[in-house]
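Contents: one structure, followed by commentary.
The values are calculated or read from the model by the stated rules, or taken from the named source; none is laboratory data. Predicted model, so just to flag it, every value in this text is computed and none were measured. Counting neighbours? That spans all protein chains shown, and the Cβs are built from the backbone with ideal geometry, glycine included.
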Amino acid sequence: MKPKLSFFQILSMSMGFLGIQFGFALQNSNASRILQTFGADMEHLSWFWLAAPLTGLIIQPIIGHYSDKTWTKLGRRRPFFLAGAILASIALILMPNAGVFAHYLPPMFIGAGFLMMMDASINIAMEPFRALVGDMLPADQTTLGFSVQTFLIGVGAVVGSWLPYILAEWLGISKISADGGIPDNVIFTFYIGAVVLLISIIWTVVTTKEYSPEELAKYNKEEIEHVESKAKFSDIFRDIIRMPKTMRQLSIVQFFSWIALFGMWVFSTPAIAQHIYGVAVNDTQSLAYQNAGNWVGVIFGVYNGVAMIYALFLPAIAHKIGRKWTHSLSLAAGSAGLISIYFISSPGMLVFSMVGVGIAWGSILAMPYAILAPALPAHKMGVYMGIFNIFITVPQIINGVFGGPIVKRVFDSHAIYALIMSGVFLLIAAFSVLFVQDKAESGERKAKNEFRPEGAG
């Protein structure tokens, strides 16, 4: 059995997630705003967001597969952390400056290209972090490991989401661009995000020592040649066909969870601008729209902050009521939070809606992986974590293709209904998780029964 790691070791091995989520927070709360400023129409907005899940769909299984087979002086996961961090930092610097390249292509297409570059690079760095927890931690520490990741994700996301507001309202940096472009407070936030992302991943690379193939073989009681076998790209398709039962069941939960999240990320800014700030459709130059965009960053920071705190309690809650019920109730809270936005008329009240969303987000980032990891073969941890990402990206692609046209043609460009639809999807996910087989919890119950004293009730 793998030795238990100290809390500091678990914290250090996941530190890069702080920077990764800083970058994602900038993307989630500002990408629609940037693309609309460059001229993207409401109907086409979700199409530009397709860059993110498409790159994740392709890249994560490949990175997972090859990181399982890669062994260097830095280990097998850390080289991918470092390469992804460098590329993502460059993309963060370039994206808000897409207008500089306007003489080559329209800025919104340049911006979408940099969005794709940023997401591809973050995916290169992110996927091995999930696998690293499975590599390094014994089964009874996996919930803690993924909860620590969720906590760090929350820290990065809160700072990344709030920073444009802080720079504008507290430090006086301009939130309106004189030439109708991206405001300075948003541009400087992306620069800061690039630095944070690079430093946090370097921290993990420097402080974490991965197990060698021989050590992994000993801890997992597997043949060393399984770990060292030559990588074949075609193996990915065989692994998809042979995925464990728990993973298949979780795919339904992930589908409805992430189709909901994608709708929230894409349409929150226009929905809140229209529904609460009274901004006209496609009015992206007004002060009211910029205030709405800044406030969306604030409330996104709130839900990430709630997720950060909630993550600290997840291991205890899961121990008390089980991982499945923990995740189900958390998703139901997120559903209530999103649907409640329809009934709100004051920006400040949105904070309460985001508490529910934060509870769901904290669980989404931890519990599916905590349920999944014990069901996976250790020598294929990376590729299966990458394949698992398919069930995150495919629903986002579906929403990306159809979400914009539905909002414009069915909801008459009233984006608030996209948030209600996302709330319904989270409720479906909450119900479906109850049918998932949790291998670790089943094993724990079996062990308790085996060691129950004779005659015990």
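Assorted remarks:
- Which numbered condition GLY293 misses (of (1) under 23 Å from the mean Cα position of the chain (by Cα); (2) under 24 Å from SER46 (Cα atoms); (3) without any contact (Cβ under 8 Å) to a residue 12 or more places away in the chain): (3)
- Set GLY400, GLY404: member being closer than 25 Å to GLY337 by Cβ, crowded, with 21+ Cβ neighbours inside 10 Å and over 17 Å from the mean Cα position of the chain (by Cα): GLY404
Per-residue answers, yes or no, for (1) over 25 Å from ILE397 (Cα atoms); (2) surrounded by 17 or more Cβ atoms within 10 Å (Cβ to Cβ); (3) free of Cβ contacts under 8 Å to residues at least 60 places away in the same chain:
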residue: ILE59; (1), (2), (3): no, yes, no
residue: HIS65; (1), (2), (3): no, yes, no
residue: TRP71; (1), (2), (3): yes, no, no
residue: LEU82; (1), (2), (3): yes, yes, no
residue: ALA88; (1), (2), (3): no, yes, no
residue: LEU92; (1), (2), (3): no, yes, no
residue: ASN97; (1), (2), (3): yes, yes, no
residue: HIS103; (1), (2), (3): yes, no, yes
residue: PRO106; (1), (2), (3): no, no, no
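- Residue identified as in a helix (DSSP H, G or I) and within 29 Å of ALA418 (Cα to Cα) among ILE317, ILE359: ILE359
- Failed item in (1) surrounded by fewer than 17 Cβ atoms within 10 Å (Cβ to Cβ); (2) modelled with pLDDT of 75 or more; (3) over 28 Å from ILE392 (Cα atoms), with LYS245 passing the rest: (3)
- Of residues in the range 7-51 being closer than 20 Å to VAL205 by Cβ and hydroxyl-bearing (Ser, Thr, Tyr), the one surrounded by the fewest Cβ atoms within 10 Å (Cβ to Cβ): SER12
- Scanning the range 156-198 for residues that are part of a helix (DSSP H, G or I), surrounded by fewer than 20 Cβ atoms within 10 Å (Cβ to Cβ) and touching a residue at least 40 places away in the same chain (Cβ under 8 Å) yields GLU169, TYR191, VAL195, LEU198.
- Scanning the range 417-427 turns up no residue that is among the aliphatic types (A, V, I, L, M), without any contact (Cβ under 8 Å) to a residue 24 or more places away in the chain, in a helix (DSSP H, G or I) and on the phi < 0 side of the Ramachandran plot.
- Search result, residues across the range 362-412 that are part of a loop (DSSP other than H, G, I, E, B) and farther than 15 Å from TRP265 by Cβ: ALA366, LEU376, PRO377, ASN389, PHE411, ASP412
- Annotation for the range 124-138: no member residue is touching a Pro at 6+ places or on another chain (Cβ under 8 Å), crowded, with 18+ Cβ neighbours inside 10 Å and either touching a residue at least 12 places away in the same chain (Cβ under 8 Å) or charged (D, E, K, R) (or both).
- Within the range 248-272, the set of residues being over 16 Å from SER46 (Cβ atoms) and either crowded, with 22+ Cβ neighbours inside 10 Å or of a type in the set (Phe, Trp, Tyr) (or both) comprises LEU250, VAL253, GLN254, PHE255, PHE256, SER257, ILE272.
- Taking the conditions (1) touching a residue at least 24 places away in the same chain (Cβ under 8 Å); (2) part of a helix (DSSP H, G or I) in turn, PHE8 satisfies each one other than (1).
- Qualifying residue in the range 329-348 (condition: in contact (Cβ under 8 Å) with a residue 40 or more places away in the chain, over 27 Å from LEU250 (Cα atoms), surrounded by fewer than 23 Cβ atoms within 10 Å (Cβ to Cβ) and among the aliphatic types (A, V, I, L, M)): yes
- Screening the range 25-123 for helices (runs of 4 or more DSSP H) wholly inside it with 3 or more residues that are under 25 Å from LEU163 (Cβ atoms) and at pLDDT 80 or above returns the ranges 78-94.
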